[in-house]
Amino acid sequence: MDLYMMNCELLATCSALGYLEGETYHKEPDCLESVKDLIRYLRHEDDTRDIRQQLGAGQILQNDLLPIITQHGQDKPLFDACIRLMVNLTQPALLCFGKIPDDPASRHHFLQVVSYLHAYKEAFASEKVFAVLSETLYNLLQLDWEQRQEEDNLLIERILLLIRNVLHIPADPYEEKNVDDDASVHDKLLWAIHMSGMDDLLKFLASAQSEQQWSMHVLEVISLMFRDQTPEQLVSAGHSRSAQEKQKDTNELEALRQKELAEKRSRTMQRGNRHSRFRGSYVVEGLKSIGEKDVIFHSGLHNFKNYSHDAGKATRRVPKRKQMARDTESQRRSVLNVRLFLREFCVDFLENCYNRLMYLVKESLIREQAQQHDETYYMWALSFFMAFNRGNGCKAELVSETLSVRAFHFIEKNITNYYEMMLTDKKEATSWSRRMHLALKAYQELLLTVNEMDRSKDENIRQSASVIKSNIFYLMEYREIFLTLLRKFDERMQPRSFLRDLVESTHLFLRMLERFCKGRNNLLVQKKKAKRPKRKKKPSAPTENTPEALEETWKIVSEELQACGFQLSEALTEGAVPFDAASEIPVTEQRTEAMIRIQDAVLARTGPEALSLLRAAREVWPEGDVFGSAEVSPEEELELLKQILFAELPRPAHTEAAMDEDEEGAELEEEEELETVRVSETEFNFLDFIKRFANPNIIRPYLLLLRSYGTNTPHTNHCAVRMLHRVAVDLKMDALLFQLSVFYLFNKILTDPAAAAYKELVTFSKYVLNRFFTLAARNNKAFIELLFWKNVGTVREMTEGYSKDGEGAGKKKVTWTPEEEEELRRLYEEHKDSGVSDVVETLLPLLSNTNLTRRQVVSQMVSMGLVDSVKDLKKERKGTRIVLWTEDQEQELQMLYDEYKDSDDILGNILKRLTAKRSKARVVDKMLSMGLVSDRKDLYKKRRRNAPGKSTGMTEDDFFAELSGAPGKDTMDEDEEEDDDLEEDENDCEGEKEEEVRAVPDKKSRRRESAVDKNTSVGTMAQNLRREGMSGPVLWLQNCLNRTADDREEDGVSHPVALVPLTEDNEDAMENKGFQRLLRKIGIRAPADEQESFWRIPATTSIYQLRALAASLSPVEENEGGGQGESEEAVPASLESQQEDEGPDSQELRAHALRALLLARQRKRSPEDTKKDSAVEETAPESPESEAQSAAVGGKTSVKRSRVLDSDDERDEDPPSKMNADPEEDEGSDAEARSAPAKRRRQRVLSDEEDEED
């Protein structure tokens, strides 16, 4: 672009910068404003980057900006503005355009910008420019962090970005056609960096603890400095060549000389001594031309070997999508002084910076604080500097940060991710392939370093290498990564250099594994097997035992026990285990299961086993004498067994009857997609592992690499031939190589004039050909088999003999009658256009022959010609098509979560309304990655228990609370279902009063009453903590809730608020389990992972909820004023509701379950205890008021309440008038007193809600 085409405003702005006179630059008064105007112009340039092109054509950077910073660097605002402008001008062209344009006009603009960047790079190759930059950077780094301003940090970052941008500019292939050991523009730039001392500042930034924020920038700059270098060249820089290197070069020259002589000799042998002016014409018998006649060859006979039918034909153009991927690696040897300086830089960097810098970068990548694809710099640094260290003495301590199993895992995870993205993101498949190649080279370098450590003279280093190898070889992921990469190799997306590194890495891994297995007889490795979960069949309903059958069973069991005198054998006593040690349920909560086991043993009429289980259960759970006391007699044990037999125990339900069809269908869909992985250990066999390489898909890449055997290194050819030798010789699977393209390659090798240089290849080719002709002598179909690739089964048939149709398959062949074929054809014609997703599944139940499998039906449909291929009837897997989430889909998921986050079924509502249908598992994973929820449990469906009248049984706590006669205690960690039951009980006793106060919808009133009950239990827990001496922490928690509510009301925005304890008492309380239960009850979220340290008040908690929870934390004394009469009436009302809820069946159930324990306790009581109880009863005062009050309470209590309050000693002995003595009366009054504050709080909350709605 010419200067006269520059925009007039832009030209005037550039003229206002200043002018260069000789070596001196004179700036104008408006220089700073002009630079800012140029920055503003660049911000508003169009898609063709016109401003950038005009500034490049005018050479503003070379003639104005660089002289300004070198001569007027003391003007700090002007210096900062110039640095900003140069960072913008030097950014990569690919970043400006987004991608390489396809249309010619945009491509022209792209190439124009690239040409200007080449000129910028040449201008920056000046020691004067980098001297100013390094001096400025040095002065900024001298400032302490207290003195350093935000502008200083920005300037440091911009200087590093400017250096990175300049180093990133690619070399101009048309201008720089220099040979090795000649200075290029990049070498001049590196030398300017070295002479200005910038390389020392980079090493300081990489090693200083206070400058760790620049770690990623430093790593980018260092990787671009070593872009064209190889570790091997830098290691050998400045050293005389070793005898081994000289011998290697001599061998290569000798091979080239022998090849040239062989070609010359071949040409001499082809032509005669006398030249024939008339070449003549020859008829080639047996070789047909285009017609029916033989080919006529118009040339000398010595050229007949080169004859081909394709001679003279136009070369067919290969489509771009089918072309082989090209290598983009460019390596050139820099001048000696640059290589020496880079070598010294590597040595210092490894000794002082490598471990720390790599640790910081890895932390940034794990915490996702870096930009996208920054992990490629990490993997490049790992492979480059570990290779340099390996060639420079292999000091393991210098690279200890990246020499671990975690490094292997990190790289293996990235390789897998790159491969998946290469398949899904087709447009950027080449970029993903390059990243995958970089990860593979890092993995290869890790293996090489571990292999080098294994040869160390230090015993500790060898031991460390052995530990790393044992971990790598043990895990299945590390063993099978090479198998997967070879099987999935695609030459259209992955270049030949990737295949070369893959083959060499596989060879190294197998050699290390083989050597590791030789010294060990039994090597155990991990084995994973994917198992698709089977659909569970619904269990049949258990048979009900009639009373007559139970009486007969009990008669047989009791007689058996009495006959043996209640004496058990030693084996039966020691083998009785009443609990399941492998169960996830704690042992303390397995009492119900133990009772069920005892009942099952009695039902099975194995009396001694039931008795042994009862005695063992008594030892495990002695509290409450549920299974009898320690001094129980044999007769009491017999009575206990009888009561257990006749009791209706709460057995766990196998399937939930409340599960609706939609939820069941969703769970089955998830089961179809997810596969359970079963992990086990197995003994490793190296030969069995090699057998997995005997696959045509794995052999093909090796043969593809051998096609370029002439340009491969001897080591690469050796690695490929060694693998083929393992398959053909060690496994005796040479028939896998009986393929025409393989023989064509072998023929090319054998006829090569320089075949003497490839002795290993020639020997192997002759061996395989010899084996083929030996087989062809007894199998005349071997020549036809050359046209196809073969699997293991075909190889066995080819070598051992072919089987007849239907034999050897191991499956009985199904014969179809004409009627069945006609039926199949008719059904298919009826349903093929019905729109169903799977036609075969529709046809299977309609066929008359119900024994047919899906595979048999599909094969028959293909053979009948109803469908063209099996792929047309392939069963579609659910949820596997959509992999990537677009930005719009993420926003839709965010909106749906915000809308339904307070519903009972968050996940179900979101799945129903997503436009792009996905499986439940993928939606949950995406919500976790987006941070919408911190745990999968937050998305579980909130289940509600049935109404009291519809209950089918008791819970374990109710059963044992009644069985032991103890009052039901209010545990602090009750689940949501128990809270819902309590809410319903209290709602019954106060439903009429609330309806009189205000008529509201049922759902809203239930929500309010639920909140009130929650606050009541919170108040009880807070009161218990105050008794333990935690009044201060409870008050601090209350203040935090109130303060958060005030802040949210004032700001109008809700954010999660961390609870930060600042005193020792509060810190101790945050570690107390009781206080943590209170926090969970309130709804405060625990730390989600190791990155969080404090509990947090969720952002979803409303202002009203915060204030209600804070009020519930107030001491009970503050709320006690009046209304005792209300509280006295509340308890009987609640008890009446409980009595109404309990049906006769549940009362009879509880009565059966209590008899055994009551009988044992009556017989256990001593005469002294009886006298003491009677004395207490006589001395107890009996006032009329207390009798009336106790009678009033006793008349209204339910059977359940009376069982809890009555003592066992008074039952069946004392008259009913003495059942409500003083202890029971005190207990009832306490319950009434506890219910009064809860009721008053409930009324206060309801009144607050009325005020808010008004």
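The values are calculated or read from the model by the stated rules, or taken from the named source; none is laboratory data. In this text the structure is predicted, and so the values were computed from the model without any measurement. Glycine gets a Cβ as well: all are built from the backbone with ideal geometry, and neighbour counts include every protein chain shown. What goes into the accessible areas is simple: the full protein's heavy atoms, side chains included, and nothing from ligands, DNA or RNA. Shrake-Rupley method; radii C 1.70, N 1.55, O 1.52, S 1.80 Å.
Quick one: pull the percentage of alpha-carbon pairs in region 279-416 with a separation above 20 Å.
Working: 6449 of 9453 pairs.
Every Cα pair in region 279-416 considered, those over 20 Å come to 68 percent.
Points 7 angstrom from Cα along the Cβ direction at Leu844 and Lys527: gap in nanometres?
2.9 nm
Rounded to the nearest percent, how much of the accessible area of region 16-116 (1.4 Å probe, protein heavy atoms only) is carbon and sulfur?
51 percent
So, R0 is 45 Å and r is the distance between the beta-carbons of Thr424 and Leu340; what FRET efficiency does that work out to, to 0.05?
0.45
Probe of 1.4 angstrom, ligands and nucleic acids ignored: what's the accessible area per residue over region 159-268, in square angstrom?
With all protein chains present, region 159-268 gives 54 Å² per residue.
What percent of all Cα-Cα pairs in region 1-95 falls into each 10 Å bin, going from 0 up to the bin containing the maximum distance?
Pair shares across the bins are 15, 54, 27, 3.
Leaving out ligands, DNA and RNA, what percent of the accessible area of region 144-240 is carbon and sulfur, probe 1.4 Å?
So the carbon and sulfur contribution to the accessible surface is 48 percent.
Please give the contour-minus-distance gain from Ser863 to Glu491: 0.36 nm per residue of separation, less the Cα-Cα distance, rounded to one decimal in nm.
The Ser863-Glu491 span can extend by a further 130.4 nm.
Just to check, using Stokes-Einstein with a Kirkwood Rh over alpha carbon pairs, what's the diffusion coefficient of region 754-869 at 4 °C and 1.567 mPa s in µm²/s?
Value of D from the Cα-based Kirkwood radius: 70 µm²/s.
Length gain on complete extension for the stretch Thr817 to Ile784, per 0.36 nm per residue less the alpha carbon to alpha carbon distance?
Numbers: separation 33, 0.36 × 33 = 11.88 nm, distance 3.50 nm.
Result for the pair: 8.4 nm of gain on full extension.
Once label points are set 7 Å from the Cα along Cα→Cβ at both Arg1027 and Leu11, what is their separation, rounded to one decimal in nm?
That separation, rounded to one decimal, is 9.3 nm.
Would you please state which residues of region 405-430 a label at Ser929 would reach in this model, taking the label point 7 Å out along Cα→Cβ and a backbone N cut-off of under 19 Å?
Under cut-off, by backbone N: 410-429.
Can you give the accessible area of Asp103 in Å² (nearest 10), computed on protein heavy atoms with a 1.4 Å probe?
In the full protein context, Asp103 sits at about 70 Å².
Just to verify a number: FRET efficiency for Thr682 and Glu252, C-beta to C-beta distance, R0 = 45 Å, to 0.05? Mind dumping the intermediate values first?
Working: r = 46 Å, r/R0 = 1.02.
For Thr682 and Glu252, the calculated efficiency is 0.45.
In the neighborhood of Leu78, defined by Cβ-to-Cβ distances under 13 Å, what is the net charge if each Lys or Arg adds +1 and each Asp or Glu adds -1?
Values: positive: Lys27, Lys36, Lys76, Arg84; negative: Glu28, Asp30, Glu33, Asp64, Asp75, Asp80.
Computed value for this residue: -2.
Stretched out fully, how many nm does the piece from Phe773 to Ala916 gain, at 0.36 nm a residue minus the Cα gap?
45.6 nm
Around His831, with a cut-off of 13 angstrom between Cβ atoms, what is the net charge of the other residues, counting Lys and Arg +1 and Asp and Glu -1?
Counting the neighbours of His831, the net charge comes to -3.
Counting only protein heavy atoms and using a 1.4 Å probe, what share of the accessible area of region 350-392 belongs to carbon plus sulfur, as a whole percent?
Summing carbon and sulfur atoms, their accessible area is 34 percent of the total for region 350-392.
Given 20 °C and 1.002 mPa s, how large is the Stokes-Einstein diffusion coefficient of region 450-513 in µm²/s, with Rh as the Kirkwood radius over Cα pairs?
Numbers: Rh = 13.2 Å.
For the chosen part, D equals 162 µm²/s.
Tally Lys and Arg at +1 and Asp and Glu at -1 over the other residues with C-beta under 14 Å from the C-beta of Pro1061: what net charge comes out? Let's see the in-between values first.
Details: positive: Arg1096; negative: Glu1064, Asp1065, Glu1067, Asp1068, Glu1071.
Cβ neighbours under 14 Å give a net charge of -4.
Can you list residues whose amide H is under 5 Å from Gly18's amide H, if they're 5+ apart or on another chain and H is modeled 1.01 Å from N?
Counting only residues 5 or more places away or on other chains, the set is Glu28.
What residues qualify as long-range amide H neighbours of Trp1095, i.e. H under 5 Å apart, gap of 5 or more or another chain, H built at 1.01 Å from N?
Leu1059
Taking amide hydrogens as modeled 1.01 Å from N in the peptide plane, which residues meet the under 5 Å criterion relative to Leu1113, leaving out close sequence neighbours?
The answer is none.
Is any residue of region 121-152 close enough, with backbone N under 20 Å, to a label point placed 7 angstrom from the Cα of Gln59 along the Cα-Cβ axis, and if so, which?
From region 121-152, the list is 121-130.
Taking only protein heavy atoms into account and a 1.4 Å probe, give the accessible area per residue of region 668-777 in Å².
49 Å²
Calculated FRET efficiency, Ser741 and Val1053, Cβ-Cβ r, R0 60 Å, to nearest 0.05?
0.30
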